[in-house]
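A.B. asks: The structure is given below, and queries will be raised subsequently.
Please treat every number below as a calculation from the coordinates, not as lab data. Computed from a predicted model, the values in this text were never measured in an experiment. Please note: Cβ atoms are built from the backbone with ideal geometry, for glycine as well, and neighbour counts cover all protein chains shown.
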């Protein structure tokens with residue numbers, strides 16, 4: 001690999017990391033303190049498939065999704081997650097918010113990607129959040145449709161009391177949910193994208209990032225000029 005190509009890759013990677021961090025956001029408005037949802041991470045009653053769709057307008061632009069976060073702040077309850085193996089997939093879908101098909105397969109987009117396949121963290125203390133680091137980053141472009149999260153569970157154990165996560169209280173077409181035991185158009189989980197608190201990512205300040213990028217670009221340009229002279 002040429003040094004010039006390597007420099008270009010370094011700059012591109014730095015830009016992806018910087019702008020990916022800038023696109024971190026939380027979708028949903030937590031409900032009043034007396035409401036919460038144990039589906040799908042705090043109890044097994046939802047069946048084997050759970051889906052949430054997020055409206056494209058929640059996103060200001062394309063985003064590389066590396067972590068998902070779910071919050072335990074709106075209602076005091078149990079702190080233990082429902083243990084088992086969870087498979088989480090993300091895809092771009094043409095399905096509308098409040099329009100999820102009762103057959104989950106019909107909602108899944110062509111770019112469906114498994115991003116998590118593991119047990120959950122065992123406990124989420126009240127007032128905290130559950131951060132999931134994805135094994136595969138998912139690049140989402142809101143200009144292509146809505147974002148769909150599909151959760152499948154194997155061997156999910158029953159537990160009492162249930163762990164209740166924050167649900168979206170605002171009925172403004174931000175998001176909706178469905179699961180194989182029932183169909184719901186509300187009570188979707190408030191979700192953080194790239195908001196994880198237990199993942200350490202060193203992101204340079206904008207001024208530092210700009211200086212590094214300019215410096216690397218200058219090195220690359222000098223290398224390119226030198227190679228041009230040698231070829232002449």
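A.B. asks: Got a sec? How would 180, 197, 93, 67 order by Cβ neighbour count within 10 Å, fewest to most?
C.D. replies: 197, 180, 67, 93
A.B. asks: Based on the alpha-carbon set only, what is the convex hull volume of segment 141-199 divided per residue, in Å³? Can you show the working numbers first?
C.D. replies: Numbers: hull volume 10.0 nm³, N = 59.
Normalising the Cα hull of segment 141-199 by residue number yields 170 Å³.
A.B. asks: With no solvent and one point per C-alpha, what does the Debye sum give as log10 I(q)/I(0) for segment 42-128 at q = 0.27 Å⁻¹?
C.D. replies: These q points yield log10 I(q)/I(0) values of -1.40.
A.B. asks: On to the next question. Relative to 2.2 N^0.38 Å, what does the C-alpha radius of gyration of segment 26-204 come to as a ratio? Two decimals please.
C.D. replies: Computed over Cα atoms of segment 26-204, the ratio equals 0.95.
A.B. asks: Say R0 is 22 Å: what FRET efficiency, to the nearest 0.05, do residue 110 and residue 183 get from their beta-carbon distance?
C.D. replies: Calculated transfer efficiency: 0.40.
A.B. asks: Between residue 126 and residue 169, what is the label-to-label distance in nm when each label sits 7 Å out along the Cα-to-Cβ direction?
C.D. replies: Here the answer is 1.7 nm between the modelled labels.
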